[in-house]
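Asks: This is the structure I have questions about; it appears just below.
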Amino acid sequence: MNVLTRHISDFFEHWAPNATKQDYDNTGLLIGNPNQPVTGILCCLDVTADVIDEAAARNCQLICAHHPLIFPKLKRVVTTDETGALIHSLIRNNISVIAAHTNLDAARDGVSFALAQTLELTDISMLDDSYKTMKRVIFRFPAALKPEVSAAIRNVDLDCGWSEEEMNISVARFNADVYVLNELRSRLLQILDGAPHSFDIVALESSSPLYGFGALGKTTSPMTQQAFLDHVAAKLGSSGLRFSGEADAIKKVAVCGGSGSFLIRKAQQSGAQAFITADIKYHDFFVPKGFLLIDAGHYETEAPIIAAMQQKLASAFPDVQVISTSVCTNPMQGWPAKSGNTVSVNPHTTL
């Protein structure tokens, strides 16, 4: 079977449904033809000119990126604009782009799980599993289609209540996780084949074990603070870490790839001795004793998802060449102190 762009979109819809993204986000197929044949895929964090050149040189018809190229809304596509020039290059090279951003942040085995695995943590679980993905669905459709609709709902193991309305309308009422709901809705639309219908979908307060934010895990053995900082820097390829607090015998560790300051309190409540994330603000660095807070960099904490995407896609589509970009798209640079041994940024500290 020829692999098409839409097959890759379906793969991400199963792994990280678009329905789980944040409202401000832009995910899914952003550029390209859903029916384009795909023999090569390039995985990356950011779509840049160098990444596009690499995809074209390696005969990749699709780029799967974590960060969306079109974000926020785009009003025009012109080559004098940075984003417009990138889109123009993609179209000229017949390369499509799929973005999996906050939906991949929220997915099990997503960004934070990849970070935890890179740090060699074990017993990995969600740090914040309160992400609400359950929906209440009221589905109205022609009564003549009830046998097929009923079978489709039973096939995904959902409890369903039934009622009848005037004009030969059947009503199905059930609760479903967004992952199940997206798949079921596609099947129901096939059954309807254009027949009149309505979906009334309301968010519920209950959460799902499949989606959340951050990850929690354990080191293989207790580590001193210095050994742990060295371990984190080495595994993430970081030239320097920002941190505050102090902790010894670090065993339980919380992580969140990318901007995770909103999970600091959750990490403390989890009993973790350390929390690794990025983009931490100054005042958030004030933490209680016995807790180590590490800002390891946005790029560094999200980069592990590149290899995770590559491995999952290669396993799902063995006839497609799936590669990780060789381009480092981290825009941030550092300037080392001349002494080379600075351990504090406090000018009043005597070293």
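The values are calculated or read from the model by the stated rules, or taken from the named source; none is laboratory data. Here the structure is a predicted model, which means the values were calculated and not measured. No Cβ is skipped: glycine too gets one built from the backbone with ideal geometry, and neighbour counts run over all protein chains shown.
Asks: Which of the residues spanning the range 127-142 are at pLDDT 95 or above and either surrounded by fewer than 15 Cβ atoms within 10 Å (Cβ to Cβ) or within 30 Å of S221 (Cβ to Cβ) (or both)?
Replies: Across the range 127-142, the qualifying residue is only L127.
Asks: Please go through the range 71-109 and pick out each residue that is of a type in the set (A, V, I, L, M), modelled with pLDDT of 95 or more and touching a Ser or Thr at 6+ places or on another chain (Cβ under 7 Å).
Replies: Those that are of a type in the set (A, V, I, L, M), modelled with pLDDT of 95 or more and touching a Ser or Thr at 6+ places or on another chain (Cβ under 7 Å): A85, I98, A99, A100.
Asks: Filter the range 268-291 for residues that are crowded, with 22+ Cβ neighbours inside 10 Å and in contact (Cβ under 8 Å) with a residue 24 or more places away in the chain and give the result.
Replies: A272, Q273, A274, I276, T277
Asks: Name every residue in the range 88-120 that is crowded, with 18+ Cβ neighbours inside 10 Å and farther than 24 Å from H298 by Cα, in order of residue number.
Replies: Correct list: L90, I95, S96.
Asks: Let me ask something else. Please specify each residue of the range 49-87 satisfying the condition of being of a type in the set (A, V, I, L, M, F, W, C) and loosely packed, with under 13 Cβ neighbours inside 10 Å.
Replies: Across the range 49-87, the qualifying residues are A49, A57, V78.
Asks: While we're on this one: Name the pairs: first residue in the range 91-108 and part of a helix (DSSP H, G or I), second residue of a type in the set (D, E, K, R), Cβ to Cβ under 6 Å, at least 6 apart or on different chains?
Replies: Listed pairs, sorted by first residue: T102/K21; T102/D25; N103/K21.
Asks: With respect to V232, is the statement that it is in the same structural domain as D123 (by TED's automatic domain parsing) and surrounded by 19 or more Cβ atoms within 10 Å (Cβ to Cβ) true?
Replies: On the way: in the same structural domain as D123 (by TED's automatic domain parsing): yes; surrounded by 19 or more Cβ atoms within 10 Å (Cβ to Cβ): yes.
Yes, satisfied.
Asks: If I ask for residues that are among the charged types (D, E, K, R) and outside any helix (DSSP H, G or I), which ones from the range 281-307 would you list?
Replies: First, the residues of the range 281-307 that are among the charged types (D, E, K, R): 281, 284, 289, 295, 300, 302.
Across the range 281-307, the qualifying residues are K281, K289, D295.
Asks: Under 7 Å by Cβ, and 6 or more places apart or on different chains, what pairs join a residue from the range 24-48 that is closer than 20 Å to A85 by Cβ with one that is part of a loop (DSSP other than H, G, I, E, B) and among the polar types (S, T, N, Q)?
Replies: Filtered contacts from the range 24-48: L42/T325; C44/T325; C44/T329; L45/T329; D46/T329; T48/T329.
Asks: Of these, T118, T122, which one is within 25 Å of Q269 (Cβ to Cβ) and in contact with a helix residue (DSSP H, G or I) (Cβ under 7 Å, 6 or more places away or on another chain)?
Replies: Details: T122 fails: in contact with a helix residue (DSSP H, G or I) (Cβ under 7 Å, 6 or more places away or on another chain).
Residue meeting the stated conditions: T118.
Asks: On to the next question. Criterion first (in a loop (DSSP other than H, G, I, E, B), at pLDDT 95 or above and within 24 Å of A114 (Cβ to Cβ)) does G258 satisfy it?
Replies: On the way: in a loop (DSSP other than H, G, I, E, B): no; at pLDDT 95 or above: yes; within 24 Å of A114 (Cβ to Cβ): yes.
Taking the combined requirement at face value, the residue does not satisfy it.
Asks: Filter the range 14-48 for residues that are among the charged types (D, E, K, R) and surrounded by fewer than 19 Cβ atoms within 10 Å (Cβ to Cβ) and give the result. Outline the logic, then answer.
Replies: Kept after step one, since they are among the charged types (D, E, K, R), are these residues of the range 14-48: 21, 23, 25, 46.
Listed by number, the residues that qualify are D23, D25.
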